[in-house]
Amino acid sequence: MDIKLKEGRVGTDITGPVTERFDLRGRVAMVTGGSRGIGRAMARGLAEAGADVVILSRSTKDEGEAVAEELRALGATGSFAMLADVTKRADLDTAVNETVSRLGKLDIMVANAGIGIDVNAEDMSEDQWDRLMDVNLKGVFFAAQAAAKHMIPRKTGNIVVTSSLSAFVANGNPQACYNTSKAGVNMLVRCLAYEWARHNIRVNAIAPGFIMTDILGPFLKEFPDEAYSYMIRPAAMNRIGTPDELAGAAVFLASDASSYMTGQCIVVDGGYSLTPLENRLT
Ligand code: NAD
C-alpha cells in the first residue's frame, strides 16, 4: 500500500526470509553470568546463530574461558572471557570497552547474572536484601547502561534480560526479595525500552520457570517430594525445564526476528503460570 505519512514511518529496512532474520552472523554479544547455567546456554545459542560472544563471569576466569573455548570450537571464533562483577559499574564499562577494542563493537547485551536467597521475609537482614537487589536489579541496570553508552552513538543495539516467572507469581518459596527484584527488572526493561527506542535499541526480557541449574540441583536432591510439589506438579507440562530450552527465546529477542518488539517479557515456564494449582488436571 502506498500511503504517504505526515510523520513517522512504516516498517524497517529488515527484509528477507524469516530464517535469515534469526541469523546473528557478524554480531557481537556479551552475556553476564555466562559461564554457567542459563547464561551459558544462552551464550551457546547466540554462538550457534553466528554471534561472537563475550562471556562475563564473576569469580573464576577458567570457567568462563572453558565456555569461550567451546564457543570458538562452534565457529564463534572471536569469543573470549572476562571477569566482571555486575554490582561494579566499572567492571562492566571495562568489559564493554575491551570488547569494542577487540571485536570492534557490541550489538547484544544479555544481562543474565542473578542470585536467589530463601529467607522468611520477617527474618531477612538488611545485608541480604541489599546484596540480592545489588546483583539482580542494580546489576541489570549497570549492564544495560554500559552497553547503551556504546550503542546510543551507533544508533543500534539489543538488550535481553533474564527475569523470572517469579516476577509475576509468589512462587511458593520464602523469596519476597528475589521475586520483587525480578518484578523490578520487568519494569526496568519497560522503562529502558521506552527511553532508548529513539536510539534504535530494543530491550526485552525472558522469564524462565523452574530450570535445572546449579541453583536447583541440591534442593531437588535433598527434598525430592517438595521439589515435585512446587516445581514440577504446578507446571502444566509436568516437568522442569533445561537451560537450552531458553536459547531459542534468547536468539529470537537478540535477532531481527523480533524487530517490532520492545519492552516485553516472554514467559518460558512449561505452563506453570497458566492456572492456580488447585485447578490442575490430575
Ligand atoms: P546459576 O547460579 O547457574 O548462574 C548464575 C550466574 O550469575 C553465575 O554464573 C554467577 O556467577 C553469576 N553471578 C552471580 N552474582 C554475580 C555478580 N555479582 N556478578 C557477576 N555474575 C554474577 O543460576 P541460573 O539458574 O543459571 O541463573 C541465571 C539467571 O536466571 C538468574 O538471573 C536467575 O535469577 C534466573 N532464573 C533462574 C531460574 C532457574 O530455575 N534456574 C528461574 C528463573 C530465573
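The values are calculated or read from the model by the stated rules, or taken from the named source; none is laboratory data. All of these numbers come straight from a predicted model, not from anything done at the bench. No Cβ is skipped: glycine too gets one built from the backbone with ideal geometry, and neighbour counts run over all protein chains shown.
See the values below:
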read-out	value
Whichever residue in segment 132-152 is among the charged types (D, E, K, R) and within 18 Å of residue 183 (Cβ to Cβ) and, among such residues, is nearest to the ligand (Cβ to nearest atom)	134
Helices (runs of 4 or more DSSP H) enclosed by segment 14-118 - at least 3 residues per element that are more than 14 Å from residue 144 (Cα to Cα), within 10 Å of the ligand (Cβ to nearest atom) and in contact (Cβ under 8 Å) with a residue 60 or more places away in the chain	37-48
Residues being under 17 Å from residue 144 (Cβ atoms), out of contact with any Lys or Arg (no Cβ under 8 Å at 6 or more places or on another chain) and either surrounded by fewer than 21 Cβ atoms within 10 Å (Cβ to Cβ) or among the polar types (S, T, N, Q) (or both) - total across segment 197-227	3
Failed item in (1) over 22 Å from the mean Cα position of the chain (by Cα); (2) more than 14 Å from the ligand (Cβ to nearest atom); (3) of a type in the set (Phe, Trp, Tyr), with residue 219 passing the rest	(2)
Candidates 241, 263, 270 - the one that is at positive phi and touching a Gly at 6+ places or on another chain (Cβ under 6 Å)	270
Single residue of 35, 59, 125 found to be among the small types (Gly, Ala, Ser), surrounded by fewer than 17 Cβ atoms within 10 Å (Cβ to Cβ) and closer than 28 Å to residue 240 by Cα	59
Filter result (of a type in the set (Gly, Ala, Ser) and closer than 18 Å to residue 252 by Cβ) within segment 35-55	39, 41, 43, 45, 47, 49, 50, 51
Elements of type helices (runs of 4 or more DSSP H) in segment 180-282, at least 3 residues being at pLDDT below 95	217-222, 224-227
